[in-house]
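Student: Dumping the structure here so I can ask a few things about it.
The values are calculated or read from the model by the stated rules, or taken from the named source; none is laboratory data. If you're wondering where the values come from, they're calculated on a predicted model, not measured in any experiment. When we count neighbours, we look across all protein chains shown, and the Cβ atoms used for this are built from the backbone with ideal geometry, even at glycine. Areas reflect the complete protein model, heavy atoms only, side chains present, ligands, DNA and RNA absent. Shrake-Rupley method; radii C 1.70, N 1.55, O 1.52, S 1.80 Å.
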Amino acid sequence: MIHRLLVWILVLLAGTASAQIGSPSAGGTNDLVILKRADQLEGLQSGTEEIRKLIGNVQLQQKNVLMYCDLAIQNLSTNVIEAYGNVRMTQGDTLSVRGDTMFYYGGTRQAKVTGRTVVLKDRKMTLTTRRLDYDLNTGIAYYPVKGRIVDRENILTSREGYYDTRTKLFTFRQDVRLVNPKYTLTADSLLYNSLSKIATFQGPTKIVSKEGTLIAKDGDYNTVSRLSNFQRRATIETEKYTLTGDTLFGNNASDFYTARGNVVLVSKNDRTTLTGDFGRYNRKAGVARMTGHALVKSITKADTLFMRADTLWSFELPNPKLVKGSKTADSTYRRLIGHKNVQVFKNDLQSKCDSIVYETVDSTIYFFRDPIVWSTNYQMEGDSITALLKNNRIYRMLLRGHSFVISQDTLQNFNQVKGRTLTAFFAYDQQKDRSDIDRVIVEGNGESLYFAVDEQNKMIGMNRVLCSKMTIRFADRKVKKISFYGQPDSKLVPPKELKDTDKKLDGFNWRIAERPTRARLLGLPEQSSGQPVSSGTKPGKNNPAPAQASATLKREVPVGEQKFKGMLQKNATSPAEKAVGSPGTNPVRSSTTESDLERELNKKPVRKTGN
């Protein structure tokens, strides 16, 4: 008892002396490290410096910092502590550091902790490393070797890092890896706020989850809400799709994304690609919308379809033809919709119209509002047009309302057929690799005008027929036979008696100059097509196309438009698509005001459930 009492008296005397002996480093604090307790104390002398050795249950204090260890060497002159064994340091009631060895510089309040395992803890985070430099003045901890941070949601590792204990901001460098139960993020460098749970990165970054992979070079990511803001050409890749844009805003939780600038959306299953200036994509609903130079490319073995419009939609819908247990048929099919200034190019079909619907499930294309279709040397117009494809080649065309078909023969004459409704059947010539009209069925107010030629391809005359119903058969792009039903009114005009006014039916308008080309749709330089034009005024730079209205402009209410709207009403933008977007930004819209189609899409459910 007497020996232990003497030790405690020496400790108290040393603590009193420490308040008077020694001075801190230049520019440092005037607060010396105070000895609170120790089992043993030994005084050491090293030149002019006063040093003491503290053994067993050592406890030291400077301001609100407490230090614990098994053995400490305290330099009272320099205010430096060397601590060994079960080293622990606490700052207030929020932060603690553990290690095997610590050098503490009281003048500058710098702590260097090393050991097999160094642990820094605050209320919501644990940092584990082998070396830690901690500045108590700034609250910044630095680990120059591999470190591991664990909070409630994430595990982060890196080869080097900083932690600001005041702002709760981490800076990670080299081989950064963030692991969450729902995804894994890897990056070269990363800033992570443990309060807001937002990760900010600059440099190549990848986020992998069961939904897909996000790749970006700059941006931020909320690790809790999974909202993302990616810059500098970002990409999201799923099992079925790839979406790329100069900027990419997304919600991984709801699988909804918006992209801006050189946007590319690729469907891997059917090799369909949508491009534009601004795109929205709802992966769960299977809905994509593209505006601004919007273009869709649908690739097949036989041909590729290009479609351009002010606005393009792509809907992935349940396949109604799917048989349960089938492993060959796709469970879904695609519906493509174009609105305003639609242009279509396919090797055997080109078109212009206001709105279009392409149903891939039965290879049917619906053209609405002033549609005009070209196929080889044929031009077809109507209030509405339906094209049916087989093996990706046109085989039937249905024209409804003010139907008008024009074909130009080798003598530059125009064969013409018009009527209320018109059905054209096409036959594919494998040797010539083209589809030509095989026959045309006209119903209601039928009129035909064709030029008869002999075997030497010399014109015999022009035949003009009026009949309520007729069938016209073609061979090698020439009229072969006409069948009339009822009482036809027919007239054959010899070549010498023909006048230019006799060569055209009412409403004739040869619009070959408007015919879309692949280069025009893709924005590439065009070469001279060499296409023949009307024998009258030739459309061109000096002589524009005739301004007279075509047959399709004569009606006031488009035939079949209700059917078009009915198709669109089955699809709409999801609530998530309305809610999510880049903060403070407005979606890019086309130059036109919101259309009926957009309003329909924005208020109806996205898709039906089930088959």
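Student: Taking the stretch 179-217 only, how many residues are within 16 Å of the chain's Cα centre (by Cα) and open to solvent by less than 40 Å² (accessible area, probe 1.4 Å)?
Tutor: Here the count works out to 6.
Student: With respect to GLY261, determine if the residue is touching a residue at least 24 places away in the same chain (Cβ under 8 Å), part of a strand (DSSP E or B) and buried (at least 16 other Cβ atoms within 10 Å of the Cβ). Walk me through how you get there before you give the answer.
Tutor: Working: touching a residue at least 24 places away in the same chain (Cβ under 8 Å): no; part of a strand (DSSP E or B): yes; buried (at least 16 other Cβ atoms within 10 Å of the Cβ): yes.
So GLY261 does not fit the description; no.
Student: Is it the case that some residue within the stretch 267-281 is surrounded by fewer than 21 Cβ atoms within 10 Å (Cβ to Cβ), within 25 Å of VAL405 (Cα to Cα) and among the polar types (S, T, N, Q)?
Tutor: no
Student: Looking only at the stretch 16-30, filter to residues that are of a type outside the set (Ser, Thr, Tyr) and buried (at least 16 other Cβ atoms within 10 Å of the Cβ); which one of those is modelled with the lowest pLDDT?
Tutor: The initial filter retains those residues of the stretch 16-30 that are of a type outside the set (Ser, Thr, Tyr), namely 17, 19-22, 24, 26-28, 30.
Now narrow it down to the ones that are buried (at least 16 other Cβ atoms within 10 Å of the Cβ): 22, 24, 28.
On the way: GLY22: 33, PRO24: 37, GLY28: 47.
The extreme case among them is GLY22.
Student: Here's another thing I want to ask about it. Going through the stretch 455-485 one residue at a time, which ones are surrounded by 12 or more Cβ atoms within 10 Å (Cβ to Cβ) and part of a loop (DSSP other than H, G, I, E, B)?
Tutor: Scanning the stretch 455-485 gives a single hit, ARG477.
Student: Does ASP70 satisfy the criteria of being under 60 Å from the mean Cα position of the chain (by Cα), at pLDDT 90 or above and more than 20 Å from ASP133 (Cα to Cα)? Write out each step before concluding.
Tutor: Working: under 60 Å from the mean Cα position of the chain (by Cα): yes; at pLDDT 90 or above: yes; more than 20 Å from ASP133 (Cα to Cα): yes.
Yes.
Student: Quick test of your reading of the structure: ASP429 fulfils all but one of (1) within 47 Å of the chain's Cα centre (by Cα); (2) open to solvent by less than 20 Å² (accessible area, probe 1.4 Å); (3) of a type outside the set (Phe, Trp, Tyr). Name the failing condition by number.
Tutor: (2)
Student: Taking SER314 as meeting all but one of (1) surrounded by fewer than 17 Cβ atoms within 10 Å (Cβ to Cβ); (2) at pLDDT 90 or above; (3) among the polar types (S, T, N, Q), write down the number of the exception.
Tutor: (1)
Student: Let me ask something else. Please go through the stretch 439-473 and give me each residue that is within 16 Å of MET380 (Cα to Cα) and free of Cβ contacts under 8 Å to residues at least 40 places away in the same chain, ordered by number.
Tutor: Start the filter on the stretch 439-473 by keeping residues that are within 16 Å of MET380 (Cα to Cα), which leaves 439-443, 446-450, 472.
Matches in the stretch 439-473: ARG439, VAL440, ILE441, VAL442, GLU443, GLY446, SER448, TYR450.
Student: Can you list residue pairs whose Cβ atoms sit under 7 Å apart, with the first residue in the stretch 200-225 being under 20 Å from ASP151 (Cα atoms) and the second being of a type in the set (S, T, N, Q) and not in a strand (DSSP E or B)? Count only pairs 6 or more apart in sequence or on different chains.
Tutor: If the second residue must be of a type in the set (S, T, N, Q) and not in a strand (DSSP E or B), the pairs left are SER209/ASN252; THR223/ASN154.
Student: Name, by its number, the condition in (1) polar (S, T, N, Q); (2) free of Cβ contacts under 8 Å to residues at least 24 places away in the same chain; (3) open to solvent by 50 Å² or more (accessible area, probe 1.4 Å) that does not hold for THR101.
Tutor: Status for THR101: all satisfied but (3).
Student: Please specify each residue of the stretch 403-426 satisfying the condition of being open to solvent by 70 Å² or more (accessible area, probe 1.4 Å) and either in a strand (DSSP E or B) or within 14 Å of MET470 (Cα to Cα) (or both).
Tutor: ARG420
Student: Filter the stretch 133-145 down to the residues that are in contact with a strand residue (DSSP E or B) (Cβ under 7 Å, 6 or more places away or on another chain) and either buried (at least 20 other Cβ atoms within 10 Å of the Cβ) or part of a loop (DSSP other than H, G, I, E, B) (or both) and list them by number.
Tutor: Of all residues in the stretch 133-145, those in contact with a strand residue (DSSP E or B) (Cβ under 7 Å, 6 or more places away or on another chain) come to 133-136, 139-145.
Selection gives TYR134, LEU136, GLY139, ALA141, TYR143, PRO144, VAL145.
Student: Sticking with this structure for a sec: Checking LYS469 against (1) at pLDDT below 85; (2) under 25 Å from VAL373 (Cα atoms): exactly one of these is not met. Which one?
Tutor: Result: LYS469 fails condition (1) only.
Student: Return only the number of the condition from (1) open to solvent by 10 Å² or more (accessible area, probe 1.4 Å); (2) at pLDDT 90 or above that LEU399 does not satisfy.
Tutor: (1)
Student: Looking at the stretch 218-244, which of its residues are part of a loop (DSSP other than H, G, I, E, B) and buried (at least 16 other Cβ atoms within 10 Å of the Cβ)?
Tutor: Restricting attention to the stretch 218-244, the residues satisfying the condition of being part of a loop (DSSP other than H, G, I, E, B) are 223-226, 232-233, 238-240.
Residues satisfying the conditions are THR223, ARG226, ARG233, THR238.
Student: Based on what the data block shows, is LEU41 touching a helix residue (DSSP H, G or I) at 6+ places or on another chain (Cβ under 8 Å), assigned to a strand (DSSP E or B), in contact (Cβ under 8 Å) with a residue 24 or more places away in the chain and farther than 29 Å from ARG166 by Cβ? Show your work before the answer.
Tutor: Details: touching a helix residue (DSSP H, G or I) at 6+ places or on another chain (Cβ under 8 Å): yes; assigned to a strand (DSSP E or B): yes; in contact (Cβ under 8 Å) with a residue 24 or more places away in the chain: yes; farther than 29 Å from ARG166 by Cβ: yes.
When the stated conditions are applied, LEU41 passes them.
Student: Of all the residues that make up the stretch 239-255, how many are modelled with pLDDT under 90, farther than 17 Å from LYS206 by Cβ and of a type in the set (S, T, N, Q)?
Tutor: Residues in the stretch 239-255 being modelled with pLDDT under 90, farther than 17 Å from LYS206 by Cβ and of a type in the set (S, T, N, Q): 2 in total.
Student: Something else now. Tell me, which residue of the stretch 117-132 that is outside any strand (DSSP E or B) and under 19 Å from LEU191 (Cβ atoms) is nearest to the chain's Cα centre (by Cα)?
Tutor: As a first pass, look at the stretch 117-132 and keep what is outside any strand (DSSP E or B): 122-124.
Those still in the list that are under 19 Å from LEU191 (Cβ atoms) too: 122, 124.
Details: ASP122: 39, LYS124: 35 Å.
Result: LYS124.
Student: If you don't mind, there's one more thing I want to ask. What's the total number of residues in the stretch 154-166 that are open to solvent by 70 Å² or more (accessible area, probe 1.4 Å) and at pLDDT below 90?
Tutor: Our first condition is that a residue be open to solvent by 70 Å² or more (accessible area, probe 1.4 Å); within the stretch 154-166, this holds for 159, 162, 166.
Checking the rest, the ones that are also at pLDDT below 90 come to 166.
Final tally of qualifying residues: 1.
Student: Sticking with this structure for a sec: Only one of these is over 24 Å from TYR163 (Cβ atoms) and of a type in the set (A, V, I, L, M): LEU195, LEU178, LEU214. Name it. Full working, then the answer.
Tutor: On the way: LEU195 fails: over 24 Å from TYR163 (Cβ atoms); LEU178 fails: over 24 Å from TYR163 (Cβ atoms).
Just a single option satisfies the conditions, and that option is LEU214.
Student: Let me ask something else about it. Looking only at the stretch 44-95, count how many residues are among the hydroxyl-bearing types (Ser, Thr, Tyr) and either touching a helix residue (DSSP H, G or I) at 6+ places or on another chain (Cβ under 7 Å) or free of Cβ contacts under 8 Å to residues at least 12 places away in the same chain (or both). Reasoning before the result, please.
Tutor: Restricting attention to the stretch 44-95, the residues satisfying the condition of being among the hydroxyl-bearing types (Ser, Thr, Tyr) are 46, 48, 68, 77-78, 84, 90, 94.
Subset that is either touching a helix residue (DSSP H, G or I) at 6+ places or on another chain (Cβ under 7 Å) or free of Cβ contacts under 8 Å to residues at least 12 places away in the same chain (or both): 46.
Adding up the residues that qualify gives 1.
Student: Can you pull out every residue in the stretch 181-202 that is at pLDDT below 90, among the small types (Gly, Ala, Ser) and closer than 16 Å to ASN229 by Cα?
Tutor: Scanning the stretch 181-202 gives SER196, ALA199.
Student: Of (1) closer than 17 Å to ASP31 by Cβ; (2) surrounded by fewer than 18 Cβ atoms within 10 Å (Cβ to Cβ), ARG88 satisfies all except one. Which?
Tutor: The failed condition is (1).
Student: I would also like to ask the following. Which one of THR114, THR108 is within 52 Å of the chain's Cα centre (by Cα), closer than 27 Å to ILE149 by Cα, at pLDDT 90 or above and assigned to a loop (DSSP other than H, G, I, E, B)? Lay out the reasoning, then the answer.
Tutor: On the way: THR114 fails: assigned to a loop (DSSP other than H, G, I, E, B).
None of the other options fit; the residue is THR108.
Student: So which of VAL373, VAL453, VAL442 ends up being out of contact with any His (no Cβ under 6 Å at 6 or more places or on another chain), under 17 Å from ILE512 (Cβ atoms) and among the aliphatic types (A, V, I, L, M)? So that I can check it myself, show each step before the final result.
Tutor: Working: VAL453 fails: under 17 Å from ILE512 (Cβ atoms); VAL442 fails: under 17 Å from ILE512 (Cβ atoms).
Residue meeting the stated conditions: VAL373.
Student: Continuing with this model, one more query. Answer yes or no: is there a residue in the stretch 245-255 that is over 11 Å from the mean Cα position of the chain (by Cα) and surrounded by 22 or more Cβ atoms within 10 Å (Cβ to Cβ). Please lay out each step first, then the result.
Tutor: Within the stretch 245-255, the first condition is being over 11 Å from the mean Cα position of the chain (by Cα), and the residues that meet it are 251-254.
Still in the list and also surrounded by 22 or more Cβ atoms within 10 Å (Cβ to Cβ): 252.
Looking for residues that are over 11 Å from the mean Cα position of the chain (by Cα) and surrounded by 22 or more Cβ atoms within 10 Å (Cβ to Cβ), one finds at least one in the stretch 245-255, hence yes.
Student: List pairs: first residue in the stretch 479-507 and within 11 Å of SER448 (Cα to Cα), second residue surrounded by 13 or more Cβ atoms within 10 Å (Cβ to Cβ) and of a type in the set (S, T, N, Q) anywhere in the structure, Cβ distance under 6 angstrom, at least six positions apart or on different chains.
Tutor: Sorted first by the residue in the stretch 479-507, then by its partner, the pairs are LEU505/GLN416.
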